[in-house]
Structures are given as structure tokens and as C-alpha cells.
1. At 20 angstrom or more along the helix axis (alpha-carbon based) and mean Kyte-Doolittle of -0.5 or higher, what helices does the chain contain? Whole DSSP H runs only.
2. Would you mind calculating the relative contact order of the chain from Cα pairs under 8 angstrom and at least 6 residues apart, reporting the percent as a whole number?
3. Roughly to the nearest percent, how much of the accessible area of the chain is carbon and sulfur, given a 1.4 Å probe?
4. Keeping all protein chains in place and using 1.4 angstrom, which order do ARG78, ARG19, ARG34 fall into by accessible surface area, from largest down?
5. How do MET100, MET118 rank by accessible surface area computed with a 1.4 Å probe, from largest to smallest?
6. Return one whole number: the accessible area per residue of the chain in Å², for a 1.4 Å probe.
7. Return the label of the correct value of percent of Cα pairs over 21 Å apart, as calculated from the structure shown, out of (1) 54; (2) 30; (3) 37.
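The values are calculated or read from the model by the stated rules, or taken from the named source; none is laboratory data. Remember, predicted model here, so these are calculated numbers, not experimental data. Ligands, DNA and RNA are stripped out before the accessible areas are found, and what is left, the full protein with its side chains, is counted by its heavy atoms. Shrake-Rupley method; radii C 1.70, N 1.55, O 1.52, S 1.80 Å.
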Amino acid sequence: MPKRSQESLSEVAMPEALRRFKADVFSVLAHPTRIHIIESLRDGELSVGAIIERIGVEPANASQHLSILRSKRLVVNRKDGNQVFYSLRDPLLTEVLDSMRRYFQAHLEEALDILQEMEAS
């Protein structure tokens with residue numbers, strides 16, 4: 001295969017791989033409890049007990065969600081004695097969630113503006 005054709009395939013494959021990666025991350029973030037866990041880890045490492053306390057779920061439920069986050073490499077863990085601590089693999093993930101919050105707020109404000117206009121007429 002000529003070199004030019006190989007470059008074309010690579011240019012096509014990379015965007016597709018990136019789209020799959022994004023879809024995988026958003027799939028993991030599609031559950032409110034997992035988002036809550038990520039938000040709880042925003043300021044740094046927490047023990048499993050502290051995470052459970054902050055998000056208010058049963059330990060088995062938290063364990064399942066932490067396992068999914070860990071398997072997709074969004075969080076990392078370490079053991080210290082009999083405690084397990086979690087932290088974000090990359091704090092850049094919180095920027096994604098912050099962007100989604102801004103997106104939500106922008107559209108919420110737009111919907112509220114429409115409602116106010118409807119009430120005024």
C-alpha cells in the first residue's frame with residue numbers, strides 16, 4: 001500500500017478512536033452516583049468510608065461504582081493498612097464536569113427566560 005494511503009487511514013482511524021474514547025468516558029459518567037464520586041474527589045484523595053459518607057449510598061453500591069470508575073481508569077486507588085483511598089487519575093476530568101455545569105446553567109437560564117416571557121404575555 002502506498003505511503004499516502006496509509007496516512008489517510010491513520011487520519012480516519014484517529015478521530016474514530018477518539019470518538020470511542022469519549023463515548024466510553026461519557027458512558028461511565030452517565031450515572032449520577034459516579035459523577036458524585038468524581039466531584040467528591042475534586043479536592044483530593046478520600047478513603048472509601050469518607051466517599052460513602054459524602055455521597056450517602058450503601059457500601060456495596062459505592063464499591064460497584066468505584067470498581068467501574070477504576071476499571072475505566074478515571075480513578076486510582078491505594079491501600080494503607082486496612083483502608084483504601086481513591087483519587088482522580090487526572091484532575092482534568094473535573095474540568096469536563098465544570099463545562100457540563102456551565103452548559104446546563106446556560107440552557108437553564110434560557111428556559112427560565114422563555115418562561116418569564118410567557119408569563120409576561
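1. Values: long enough: 3-28 (38 Å, -0.40); 92-120 (42 Å, -0.10).
Within the chain the helices that satisfy the rule are 3-28, 92-120.
2. 21 percent
3. Working: 4840 of 8960 Å².
Exposed carbon and sulfur together represent 54 percent of the surface.
4. My answer, sorted largest first, is ARG19, ARG78, ARG34.
5. Correct descending sequence by accessible area is MET118, MET100.
6. Counting only protein heavy atoms, the per-residue value for the chain is 74 Å².
7. Checked against the structure: label (1).
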